[in-house]
Amino acid sequence: MANTPLAAGPSGAKPKPFITPQRAVVYTVLIVCAIFFLFPLYIMVITSLKNIQEIQSGNIFIPTMHPTFDAWEKAWNSACTGLYCEGIKVGFWNSIKITVPSTIVSIIVASLTGYSMANWPFKFSEVFFTILLLSSFIPYVVMIYPLVIITRELGIYSTLPAVVLVHTIFGLPLLTLLFRNYFASLPQELFKAARVDGAGYWQIFFQVFAPMSVPIFTVAVILQVTGIWNDFLFGVIYAGPTNYPMTVQLNNIVNSAQGGKAYNVDMAATILTGLVPLAIYFFSGKYFVRGIAAGAVKG
Amino acid sequence: MHSVSVKNLTLKFGSAEVLKNLNLDVEEGEFIVLLGPSGCGKSTLLNCLAGLLELTEGQIHIKGKNVTWAEPSERGIGMVFQSYALYPQMTVRGNMSFGLKIAGLPKAEIAKRVDRASEILQIGPLLDRKPGALSGGQRQRVAIGRALVREVDVFLFDEPLSNLDAKLRSELRVELKRLHNRLKNTMIYVTHDQIEALTLADRIAIMRGGIIQQLDAPQTIYNRPANLFVAGFIGSPAMNFIKGETVDGGKRFKFGDVSLDLAGYEGGAILDRPKAIIGLRPEHLSMVDEAIPGHTIPAVVEIDEPMGADSLVWLLAEGRQMSVRVPVEHRPAPGKQVHLKVDIAKASLFDETNELRI
Ligand SMILES: Nc1ncnc2c1ncn2[C@@H]1O[C@H](COP(=O)(O)OP(=O)(O)OP(=O)(O)O)[C@@H](O)[C@H]1O
Ligand SMILES: [Mg+2]
């Protein structure tokens, strides 16, 4: 009986109403944004699954009763990009050939530069840092023509190496800052401990810092892969027609004026082009957020 | 031959002079504590010794060898950091053997050293864990172990216990003392905890603004501080300082209506100094009911703070606040008029103009 008054009153955590005004606002905004971005995707997917008669006769918002992957097959294998009709797969492999080396080279160079700046200060390293910071604000359009001349002088204009070089150079300022800030945010005493243990420049980088830096490497890979994959301009300018990346080929497919517009093929080709960055975000979004947060803590 | 010898060391960060023409000789097997307020250059000095900072001027010798330009790993030192600084992706064993592997020691030798160190520090069961799965105390033990396996003559500690809670800190403090008694290495230990300094050190170096103010045994530092700064820095609660003058050819110290007899003072020639300061530790004062001319200061009790066995009593004497440590059963009532008896043999006199002990 002595317990009764106690048991009668509230106990445990205070129950929260499911929908508070704040939550209502947040959810509304999120849902509206999601619709805004998902709706075009929805149209693209259903259109790519229709055949051309359905597109001409039917309603654009209504999914097809007879989905077919013909348009996808055509987009990949035989859509015409200007003179050739080999589909967008040519562009896909070109994009791979451009993205993989550019990403690897720029990340290797940027991580080592950032590491050197953060932990092995050299004369003028602060000046160098400032220049780097400023240079990442210069509009890149300014540098397009000089780079055309430079690559031409190097004898690589309109080749794969030219576009890889350009992507690498343009990736460096931001990536170097990213790595520098990340390495500067690691405990200084860790670096000192490794020095006392006799570890040198490379040993500290590979054995102590790199294993701790998976998040920032992930961020760098995502930034570079998506950035380079989505690039259009550098591809058109520096790669040369045989090396046009997927984005450029897509543009050519959509704009090639042969017969009526094959909207289903265009849509399929577009989705195929966007698939790589989409997949990357999808599988590494968690690490991306974590890495950005980790890099942002200290500067 | 000194174990560690620092000669005319100057270190500048840009234009800021952080260490100023500093000299320090450490004997073989000595436990030296560097003590001082935050920012006085303790860590900087330690980093210089370790070879992690380049000196602006001066030399460092370790075991008679000039190591001023030697790499950290070539100096025969091991270092323990405040933040433990363990490699997070390596196991405890990996952490302890990292340096030895780099030095190219044979596997059997590495295993032997790691086992010996982990036995000394009782971290055997932790060897296959990662640092993330250890408590703070265990991590610091591993960090000490990492220095131990190097089997060097000189250990450098930078506030190794200050990230631990009070109980663990006192436990590890005793353990460090035991370790030193067993290994007999030279140890140079940075802290800003007076208790650590007083309990561990063979000699304490009190630093301020990049200059060593006094380098002496703990008891000497405590009883005969070389200057006002050291006197005020060491001891908690702080020493009572009273400004006054010395008169009668240095026989008496006068302030307000009080005149103290200086016969029995242990120090140099007192002389007549118009500006002098007497320093009296709270535990070197006692409360008496009757005035003894020349030996007591009249005072009124304000408040007292019982602290277990002792009580710290705050009083007003001649308009100045003073503190006295008394056994808790002798606590006086607030407002009571008492007399503070001065033990002049334990007092410190300073010349106010140069702040040095007389
Ligand atoms: N890399 C640096 N660049 C410029 N100034 C520095 C640098 N490192 C330390 N200082 C300055 O040098 C002085 C001494 O620093 P130090 O770290 O040696 O102090 P400390 O005695 O160890 O203090 P604490 O007890 O807070 O650890 C401080 O004023 C600090 O601001
Ligand atoms: Mg320090």
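For the reader, a short list of remarks on this structure follows.
- Kirkwood-Stokes translational diffusion coefficient of the range A:21-76, alpha-carbon pairs, 37 °C, 0.692 mPa s, µm²/s: 250
- In order along the range B:194-206, the phi-based Karplus estimate (6.51 cos²θ - 1.76 cosθ + 1.60, θ = phi - 60°) of 3J(HN,Hα) comes to 4, 4, 4, 4, 5, 7, 8, 6, 6, 9, 10, 9, 8 Hz; Gly and Pro are listed as x.
- The range A:50-58 - phi-based ³J(HN,Hα) in whole Hz, Karplus 6.51/-1.76/1.60, Gly and Pro as x: 8, 9, 5, 5, 4, 5, 5, 8, x
- Distance from the C-alpha centroid of the range B:1-65 to that of the range A:164-239: 36 Å, rounded to the whole angstrom.
- Across the alpha-carbon set of chain A, the Rg to Rh ratio works out to 1.12, Rh being the Kirkwood radius.
- Among B:142-155, B:336-349, sorting by the average number of other beta carbon atoms lying within 10 angstrom of each residue, highest first, gives B:142-155, B:336-349.
- Among A:Ser185, B:Ala50, A:Trp202 - extreme Cα towards positive end, dipole of the protein assembly as shown, charges at beta-carbon: A:Trp202
- A cysteine counts as unpartnered when no other cysteine's C-beta lies under 4.7 Å of its own; in the protein assembly as shown this applies to A:Cys33, B:Cys40, B:Cys48.
- Take each residue of peptide A:210-222, count the partner chain Cβ atoms within 10 Å of its Cβ, and average: the result is 1.
- Length added when fully stretched, B:Glu17-B:Asp248, from 0.36 nm per residue minus Cα-Cα: 78.8 nm
- 3J(HN,Hα) along the range A:181-192, derived from phi through the Karplus expression 6.51 cos²θ - 1.76 cosθ + 1.60 where θ = phi - 60°, amounts to 5, 5, 5, 5, 8, 6, x, 4, 5, 5, 4, 5 Hz, with x in place of Gly and Pro.
- Under 26 Å from B:Lys130, Cα to Cα: lysines that are on another chain or at least 8 residues apart: A:Lys192, A:Lys286, A:Lys298, B:Lys101, B:Lys107, B:Lys112, B:Lys167
- Available extension along the chain between A:Gln203 and A:Lys89 is 36.9 nm, counting 0.36 nm per residue and deducting the alpha carbon span.
- Rounded to the nearest 0.05, the FRET efficiency derived from the C-beta distance between B:His295 and B:Ala166 at R0 = 45 Å is 0.70.
- The listed peptides A:245-252, A:86-93, A:261-268, B:37-44, ordered by packing as a protection proxy, come out as A:245-252, A:261-268, A:86-93, B:37-44 (highest mean of other Cβ atoms within 10 Å first).
- Ordering of B:306-312, A:9-15 by packing [mean C-beta count within 10 Å, highest first]: B:306-312, A:9-15
- Leading residue at positive end of dipole, chain B (Cβ point charges), from B:Leu200, B:Leu340, B:Gly132: B:Gly132
- Within 10 Å of each Cβ in A:198-205, the average number of Cβ atoms from other chains: 3
- Averaged over peptide A:179-191, the number of partner chain Cβ atoms lying within 10 Å of each residue's Cβ comes to 2.
- Dipole-positive endmost among B:Leu148, B:Gly41, B:Gly279 within chain B (Cβ charges, Cα centre): B:Leu148
- Each Cα pair under 8 Å and six or more residues apart adds its separation to the average, and for chain B the resulting relative contact order is 15 percent.
- Here the simple spin-label model places points 7 Å from the Cα toward Cβ, and for A:Ser136 and B:Arg116 these points are separated by 4.9 nm.
- Among A:Ile60, A:Ile107, A:Ile169, residue whose mean-square fluctuation peaks in a GNM of chain A (springs only between Cα atoms under 10 Å): A:Ile60
Every number here is computed from the coordinates shown, using simple stated rules; none is lab data. Predicted model only: the values in this text are computed from it and were never measured. Here the Cβ is made from the backbone with ideal geometry for all residues, glycine too, and neighbour counts use every protein chain on show.
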